[in-house]
Amino acid sequence: MSRLWDLKRYFRRPSRREGILLGVLIVFISLAVPFEPYDWLQRSVTAQLNLKPYKGDAVIIAIDAKTERELPDRAWSKSDLADLLTRLSEHDPKQIVIAQQYFEAGADDDDQRLIDALKQLDFKPSWQVEIAPEEIRFSGKESRSSGRSDEPSFAQLLEPGIADLVQPNIAAFRRTNNYAPISAQYVVETSEGVVPSSASVLAQGASPPSQNLFTVDLSYNTRTIPEFSAIDVMRDDRIAAKLSDKSVIIAFTDQLGRDTVVTPFDPYTSRAALSVVAAQTLIDGPPVSLGWGAMFLLAIMVTILWIALVRPYGLYIAGTALVLIIVSPFFLERLLIFQETSQAIVLIALVGIVRVWQQGREAIHVYRSAAETKSQFLAQASHDLRQPIHAIGLLADRLSQSNLTIEQQEIVSKISWSVDNARRMFRALLDIAAIESGTLKKDLSAVSVNELLAEVDSQNALAAEQAGVDLRLIPSDLVVRTDRALLGTMLQNLVSNSIRYTSGGKIVVGCRRKENTLSFYVADNGRGIAPDELEKVQKEFYRSATGSSLGSDNKGLGLAIVNRLARLLDLRFRLRSELGKGTIASIEGLRIISSAEAPQTSENERKLPLSGLRVVVADDEEDTLHSTAALLEKWGCDVTPLSRPPEGIAPCDIVLSDFDFGEGVTLGEQPNIVSNIDKLGIDMIIISGHHPDQIRENLPDFSGLILTKPLRAAQLRSAMMSLRRVKKAN
């Protein structure tokens, strides 16, 4: 009893939320149907892994292209079928199934010859009748029919004269889509009654399946089914002798769609071969279909255990069950036990995703609690220590003003330096604590770039002069929307770090506009940062051993603050550096809100209607090339000059090209260049000294503009503006 009681330590009581969620998942998955493609794929893969040769007694007599080619009339007729049946009657096959026949119009005695041949047989062959697909009722019910002579008569489906000499059958298969597993009917329910299927006829004596609609075992390699051309059987008695005591199916095999069917790994499987495989499935079986309920019930039990057991035992059970469910078809389908596993797999997978998400939320909660505790501790500790440090600083100042010896003055100076260093460190710690705790909020407003740069200059001018640093600030009249104090802190940290480690060098502080955003840059020519330290120097308490130009004198907190403030303001902070050459720090993503922005843009569009247009200029004359490029740049275009034909160019809007590039090289000799430009949807203007008619003669497919040299600037501008208007209109 005590041992049973000890088992309780492995279990826990699931929460109400977990129970509700599991119930919702079970209901949702049991009602959902979009998981079938997984079962199709799994069954197809399993069939290929279990691939085996066919070893039954069925033989296909193929009315193939060879047969029709060697027949006297080059077409299959009732007379030919009569000859084939006569030859078969000489060798006593076990049974004959005649698949759907397609006869050419023959002589008047063809019908009688076929009737006579059927009468020579010792048994009634099975004749496949043609019936419209909509008249077939696919059914998976238990009701079946034996398909023997006591079945309803289908004389109306057969040609007069042979109805009493054959037994009807129907080949009926069901596919959800072209590459899904295939199901077959044991017997077929039609509007005329019940008809046996070709599979049930070929499998005479086999036990019937548990359900009328059964799954075909596609692990048989249909290429291993014995097959002979009908013409060979009729002409060669040795081949016909091989059919003694065999189940024979006579069928057309060559016409795609009519005579073949798509199976998961063979799109050209003949319908006759599929009937043989379906019959062999019945002989090996009967096949059993478990559906999706069995595996889904197992998955429910596994997920309940997963939730109820303490870690990691539930995970072990769920993982083991998932693997078993995935691999079980490989073993069960060898025994003709077919099932669907997709719902079970989806249930276990979804529960796993939910549990990972839940554990992630718990981890985030623990992390946030730890971060808040750390931030509160830092804030409290730094705040409590600032007062005594401040007092020490005052005492050191008073002590420095008293009568001290030179040695004592040096000691007091070192004390003051240490106090200042500690004060800066605690200020940085307070900033980090405020950011982490969320107490530091951004206050967005309009900020003038020039005013901000003036503050940076006033705060750092003296320090730069003392360090022998040439500090240059590039003014700008732009206005951005940001938090003035926080952005000022970021710039101050960057500039002070550069001053500290660029002794005797130069520092440039400026900004660059890109569309509607602004980026600040702080560039120095100091000693730089090693590539493997670029990421490390942006973290707390890291100091570069190489004395990089952006190291920190206050325990490595300066860049960490810049990094955190950038994230708070939704900006990007980037560092680029090279040892011995300097460092560039940038703050990117500031939104420009200049009041003159909107009217200025529209005015620019009026003055520079070609502004922003990407143009490729191709001309072999250097003077013409450079002057054209300079003119286009003056108009606001983005120009790419080429001294060769414009082949393999980058994406652009317009190509301005000469026709003759000297030394016998012309666009007329390389028409593929023009056609490729046209395929890319790029407008092209040819500017040449040749007559336009001569150019069009050499380029008959070119429909663009041709301008003649010498060309006035206004004419070129007008042509380019017209092309741009057409493109905008389209």
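None of the figures in this text is laboratory data; all of them are computed from the coordinates on show. Because the structure is predicted, anything quoted here is derived from the model rather than measured. Note: ideal-geometry Cβ built from the backbone for every residue, glycine included; neighbour counts use all protein chains shown.
Under a 5 Å amide H cut-off, with hydrogens placed 1.01 Å from N, residue 705 pairs with 684, 686 among residues at least 5 apart or on other chains.
For residue 472 and residue 709 in the same chain, what is the full-extension length gain: residue separation times 0.36 nm, less their Cα-Cα distance, in nm? All intermediate terms of the calculation are to be shown ahead of the outcome.
Numbers: separation 237, 0.36 × 237 = 85.32 nm, distance 4.89 nm.
Here the segment from residue 472 to residue 709 would lengthen by 80.4 nm.
The packing ranking of peptides 304-313, 337-346, highest mean first, is 337-346, 304-313, where packing means the average number of other beta carbon atoms within 10 angstrom of each residue.
Once the Cβ-Cβ distance of residue 567 and residue 515 is raised to the sixth power relative to R0 = 25 Å, the FRET efficiency obtained is 0.65.
Taking every alpha-carbon pair under 8 Å whose residues sit at least 6 apart, region 609-729 reaches a relative contact order of 22 percent.
Cα-based values for region 609-729, radius of gyration first and Dmax second, are 13.2, 41 Å. Ordering of 158-166, 562-570 by packing is 562-570, 158-166, highest average first (other Cβ atoms within 10 Å, averaged per residue). As a quick test, which of the pairs 52/246; 441/514; 78/119; 78/242; 66/119; 442/514 have an alpha carbon distance above 19 angstrom in this structure? The pairs that break the limit, which is 19 Å between Cα atoms, are 52/246; 441/514; 78/242; 66/119; 442/514. With both labels modelled 7 Å from their Cα along Cα-to-Cβ, the residue 165 to residue 361 distance reads 7.8 nm.
As an exercise, use a Förster radius of 41 Å and the Cβ-Cβ distance of residue 408 and residue 454 to find the FRET efficiency, rounded to the nearest 0.05.
My answer for the efficiency is 0.50.
With the cut-off at under 12 Å, measuring from each backbone N in region 283-316 to a point 7 Å along the Cα-to-Cβ line of residue 349 picks out no residue.
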